[in-house]
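The values are calculated or read from the model by the stated rules, or taken from the named source; none is laboratory data. Here the structure is a predicted model, which is why all the values come from computation and not from measurement. Methodologically, a virtual Cβ is constructed for each residue, glycine included, from the backbone with ideal geometry; neighbour enumeration extends over all protein chains shown.
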Amino acid sequence: MDVFSLSDSEECECELFPKVVVVGPPGVGKTTLARRIAFDRFNKTKPTIGVDFFSRTVRPFSQQQDVKVTVQLWDLAGQENRVEMMRAVSRDLCGVLLVYDATNPSTVKQISLWLKVAREAVLREHERLDTAQHVPIIVVANKSDLVDVREHERHLAQCTALVQAHELTNGYLVSAKEGDNVKELLYDLAARSAIAMQKMSRARIARARNDGPNVVLVKRGGTGAAQRGCQC
Ligand SMILES: Nc1nc2c(ncn2[C@@H]2O[C@H](COP(=O)(O)OP(=O)(O)OP(=O)(O)O)[C@@H](O)[C@H]2O)c(=O)[nH]1
Ligand SMILES: [Mg+2]
């Protein structure tokens with residue numbers, strides 16, 4: 001996917017490790033999706049306790065920008081206290097996957113609760129750097145394999161409506177079980193979260209420069225006090 005580019009790629013590190021949280025109500029398929037992204041496999045899962053961790057390396061940019069992106073997926077338990085869990089993992093957050101079950105309308109309603117805590121976490125982490133607007137928040141309607149093909153358009157429209165209503169970055173209808181649309185989601189997420197990470201790193205460096213001590217450089221061999229051998 002070549003639609004995105006990193007700025008000044010020649011200066012950019014050749015590997016980036018953006019941190020992404022995978023959140024949503026219990027049983028919607030977060031762990032199954034994270035496993036599908038990481039290993040391109042379907043395995044049976046148990047309800048997550050606390051947090052699980054997965055990663056996947058891809059090259060989402062053009063060949064001119066041959067940058068490896070290792071997406072770190074932090075897969076949160078849907079059952080546990082979402083505010084506490086989000087607080088625990090929000091450090092360096094560069095992306096959010098908000099997952100619901102396309103076959104279960106009650107999980108769509110719960111998405112706004114998860115979105116609220118996810119947005120708070122992004123703001124907490126990025127407010128001082130003014131980089132929150134670069135962090136992708138992508139909504140995922142999972143279990144499309146259980147949806148009648150004739151109903152796919154309606155589910156896509158629902159997902160798009162969520163993106164618009166909540167001003168999200170993008171939305172996908174996927175099947176973590178069959179793998180449908182997961183590659184598209186992964187490349188989009190990798191590119192956007194890598195850009196967010198690069199913006200965050202640069203803003204941190206710029207801040208550190210601005211906040212750093214004022215050092216006055218004295219040129220050796222110049223005129224004035226230094227040349228006259230001042231010992232100060
Ligand atoms: N048919 C189908 N089943 C799925 C899909 N994704 C997940 N499942 C099933 O849904 C159930 C819950 O999946 P998990 O991945 O454990 O759900 P979770 O969101 O991680 O749940 P918690 O960890 O409890 O928050 C499991 O039985 C999965 O096999 C999918 O795309 N299609
Ligand atoms: Mg899970």
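What to note about this one:
- Segment 134-174 - residue that is part of a loop (DSSP other than H, G, I, E, B) and near ligand 1 (Cβ under 10 Å from one of its atoms) and, of those, farthest from the chain's Cα centre (by Cα): V147
- Here M1 meets each of (1) in contact with a Leu (Cβ under 8 Å, 6 or more places away or on another chain); (2) of a type in the set (A, V, I, L, M); (3) modelled with pLDDT under 95 with one exception, condition (1).
- Leading residue by the ranking (farthest from C94 (Cα to Cα)) among those in segment 124-159 that are polar (S, T, N, Q) and either surrounded by fewer than 16 Cβ atoms within 10 Å (Cβ to Cβ) or in contact with a Leu (Cβ under 7 Å, 6 or more places away or on another chain) (or both): S144
- Failed criterion for Q72 (all others in (1) away from ligand 1 (no atom under 16 Å from the Cβ); (2) more than 21 Å from R119 (Cα to Cα) hold): (2)
- Residue among T48, T103 that alone is touching a Leu at 6+ places or on another chain (Cβ under 8 Å), within 11 Å of ligand 2 (Cβ to nearest atom) and of a type outside the set (F, W, Y): T48
- In the set (1) outside any helix (DSSP H, G or I); (2) within 16 Å of ligand 1 (Cβ to nearest atom); (3) closer than 20 Å to V117 by Cα, K177 fails one condition alone, (3).
- The residue pairs whose first member lies in segment 40-59 and is within 13 Å of ligand 1 (Cβ to nearest atom), whose second member is of a type in the set (K, R) and at pLDDT 95 or above, and whose beta carbons are closer than 8 Å, counting only pairs six or more residues apart or on different chains, are R41/R35; F42/R35; F42/R36; F42/K177; N43/R35; T45/R35; T48/K30; F54/R35.
- Taking the criterion of being in contact (Cβ under 8 Å) with a residue 12 or more places away in the chain and polar (S, T, N, Q), the residues of segment 107-157 that qualify are T107, Q110, S112, T131, N142, S144.
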